[in-house]
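We did not get these values from a lab; they are worked out from the coordinates using the rules stated. Please read all numbers here as calculations on a predicted model, not as lab measurements. Note: ideal-geometry Cβ built from the backbone for every residue, glycine included; neighbour counts use all protein chains shown.
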Amino acid sequence: MNRRLPVADGAAVRRRAVELIGAHKGAVAAVTVIQLLAALASVGIPRVLGAMVDLVAGAAGAEVAGRLQGLIAVVIALAIGNAALTGCGEYLARVLGERVFAELRERLVGSVMHLPLSVVESAGTGDLLGRTGRDLESIRTVVQRGVSQILVIVLTLLTIVGAAVFTSPRLSPALILPLVAVMPAMRWYLRHAVPAYRAMNAMWAEVDGVVAETADQAATVDAHGLGRRRNRILDRAMIEVWSTEQYTLWLRIVLITALGLGSFAPVIAVVAWGAWLAGHGAATLGAITTVALYAVQLRTPVSEMTFWIDSLQTAGAAMSRIVGVELVAPDRQATNSAVTGRPPRACGVSYAYLLGHDVLHEVDLELIPGERLAVVGPSGSGKSTLGRMLAGIHPPTRGRVLVGEDTDLTALTEAALHREVALVTQEHHVFACSLADNLRLARTDATDAELERALKVIGAAEWAQGLSDGLDTLVGAGGVQLTPGQAQQVALARIVLMDPATLVLDEATSLLDPSAARSAERSLDAVLAGRTVVAIAHRLDTAVAADRVAVVIDGRIVELGPHAELLAADGEYARLWHAWVSD
Ligand code: ADP
């Protein structure tokens, strides 16, 4: 079932944004001061130009020429000062933007890594990919550049308006009023844009999800002839995206038109009103020139503001989905860090992926330290689910999985849990980084010697040493491609580094080709030595080699005992065994 991840409300997004930026108060203050000085230098220029106009209009002669030269020097100095300050402010602002974005991205990755697995599974690939991909990308520019740019725009606008009022209180309303007139259009836009952008991002996430799932499961889609159906689902999602995109485009056009008027109207109004005032002797030519130049200067920040307000809306919607990931309640309170080294035991454990649909029913299972227990049963009977409970992946819906006297497995900190029990599945991923970093995923503080020892234990030392840069060789996408067997050995070396007391194997070698499986099994044997092992088995020969066998049918353990004993009892296990042998 698809349950979307939460979406944060406006207040939570604002809190988070303030928190993010607030962590860099010093840098924000430095950018503000420098940009304010730059803005002051910039408004100084029209003021001096106005003085020059008044000077020329008022008199002529050698003295005027001398004063004009002085004023020209001031204009040049102000222009140079403005350029230098803007460059410096821009540099600091970009560094600040990069830092804030990096922190946001790291925090998102951290939240995603600690999401309860059940939440990830029910939310689906698309939603999570949308948030870590498209959403993050759509706020990249706003965070990296926008925050400081908006600061600059606001400072520039305030400085220009302030300078206009200071230059001529009579003329300045002509500059300010057209801007005020644009406000209702802005408010209308803001009210409509946020929900529209939020809906659009969610729809894009759906499209991403459909595409990712179809590509991931291409073989299944082909095998069942589901191509047309998948296309129809994609078409439907695309049509919704299309109509929402059209709506947001229309909103943008209204905003751009309003702000376009807002940027031209002040120039016309200042010149017209200035001409009238000059006619009545209430304004000098210099003052009109200065304020008219301010009106021209306003056009850049006003039109840039259009772009940023629009980006801010998209970013706000994306940000609410990014911050939403942080709102997922943890599925455990991991506080206990004591390691017992004893195998876990299930006490009355039930589990439901979907509320009300238990797939495990009050299972009790006590593992004997050091034993190998094979879990067998028909497909879909709940073996993997039981394995995940015993490995502490999901907290049980009812009942408890305990270690030691009375400690819930899910109350253990991540580090302690990894020392108690680990799950090895048939999925093993080689990350695109060095072999050493791939191994250190299991234990970040492992030394090179420990990594080499782990590789030796599982019989991978030879090929690992043969790599061009040894442990530092880049593997995975873009680096050395490891064979499936080697990839599994890397996964097993991680287990050696984690050194858990109990291992749960979920069909750990079943996907490999037979020759790889044999060498992988040898590696596996080295890893299993000295540990309690729960092996979820599809091949019943695993059961023969085990100390005990648990037979799971319909979410219950119906038989438990050594292979020979269960065979003699002639029950469910005997039936499974005979069916398997005769296959
Ligand atoms: P087995 O390992 O014996 O094949 P599983 O433990 O994988 O069985 O599955 C037990 C039941 O739980 C099955 O009916 C399966 O469809 C269901 N199930 C497994 N994983 C999920 C999941 N992520 N979401 C919903 N149902 C699931």
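Worth pointing out:
- The protection proxy used here, the mean number of other Cβ atoms lying within 10 Å of each residue, ranks peptides 392-400, 440-448 as follows, highest first: 392-400, 440-448.
- When the convex hull of its Cα atoms is projected in every direction, mean area for the range 386-428 (nm²): 3.4 nm²
- Between the range 528-562 and the range 172-229, the C-alpha centres lie 50 angstrom from each other.
- Rounded to the nearest 500, the helix-only mean residue ellipticity at 222 nm of the chain stands at -22000 deg cm²/dmol, with each DSSP H run of n ≥ 4 adding -39,500 (n - 2.57).
- Here the 3J(HN,Hα) profile of the range 208-217, calculated from phi with Karplus coefficients 6.51, -1.76 and 1.60 at θ = phi - 60°, is 4, x, 4, 5, 4, 5, 4, 5, 4, 9 Hz, Gly and Pro shown as x.
- Amide proton proximity set for Glu507, modelled H, under 5 Å, gap of 5+: Ile536
- Two-decimal log10 I(q)/I(0) for the range 344-442, as the Debye equation yields it once each C-alpha is a single scatterer, q = 0.10, 0.17 Å⁻¹: -0.33, -0.85
- Where labels lie 7 Å past Cα in the beta-carbon direction, separation of Ile80 and Ala579 in nm: 9.0 nm
- Remark: the Ala73-Ala219 segment gains 45.1 nm on full extension, using 0.36 nm per residue and subtracting the alpha carbon distance.
- Karplus (6.51, -1.76, 1.60) ³J(HN,Hα), θ = phi - 60°, over the range 186-200, in Hz, Gly and Pro reported as x: 5, 4, 4, 4, 4, 4, 8, 6, 4, x, 5, 5, 4, 4, 5
- Label reach from Thr444 (point 7 Å along Cα→C-beta): in the range 106-134, amide nitrogens under 14 Å belong to 106-107, 109-111, 113-114.
- For the chain, the Kirkwood hydrodynamic radius from C-alpha pairs, put into Stokes-Einstein at 4 °C and a viscosity of 1.567 mPa s, yields a diffusion coefficient of 44 µm² per second.
- Inter-part distance where the range 62-138 and the range 568-583 are each reduced to a Cα centre, Å: 67 Å
- Overall, the chain carries a charge dipole of about 2580 debye about its Cα centre when +1 sits on the Cβ of Lys and Arg and -1 on the Cβ of Asp and Glu, all other atoms neutral.
- Contact order, relative form, for the range 117-238: 42 percent (alpha carbon pairs under 8 Å, 6 or more residues apart, mean separation divided by residue count).
- Acute angle (nearest 10 degrees) that the helix 25-58 long axis makes with the longest principal axis of the chain, alpha-carbon atoms: 20 degrees
- Kirkwood radius, the range 124-180, all distinct C-alpha pairs, inverse of mean reciprocal distance: 14.3 Å.
- Across the range 98-199, Cα-Cα pairs farther apart than 16 Å form 74% of the total.
- Length-normalised contact order for the chain - Cα pairs under 8 Å, 6+ apart - percent: 15 percent
- Nearest-ten-degree value, helix 62-113 long axis tilted from longest Cα axis of the chain: 10 degrees
- Separation between Cα centres of the range 1-55 and the range 309-356, rounded to whole Å: 35 Å
- Two-site label geometry, Arg556 and Arg229: point separation in nm, points 7 Å out along Cα→Cβ: 3.3 nm
- Compared with the rule-of-thumb size 2.2 N^0.38 Å for a compact globular protein, the range 131-277 has a Cα radius of gyration ratio of 1.61.
- Between 0 and 90°, nearest 10: helix 117-130 axis offset from the chain longest Cα axis: 40 degrees
- Taking 0.36 nm per residue of sequence separation and removing the Cα-Cα distance, the Ala65/Val296 pair yields an extension gain of 80.4 nm.
- A dipole drawn for the range 316-425 from +1 and -1 charges on Cβ atoms has a positive end, and of Pro343, Ala374, Leu360 the residue lying farthest that way is Ala374.
- FRET efficiency, Ala30 to Ile176 (Cβ-Cβ, R0 25 Å, nearest 0.05): 0.25
- Extension gain (nm, one decimal) between Thr473 and Ala329, 0.36 nm per residue minus Cα-Cα: 48.0 nm
- Using the Karplus relation 6.51 cos²θ - 1.76 cosθ + 1.60 with θ = phi - 60°, the per-residue 3J(HN,Hα) values for the range 376-381 come to 10, x, x, 4, x, 7 Hz, with x marking Gly and Pro.
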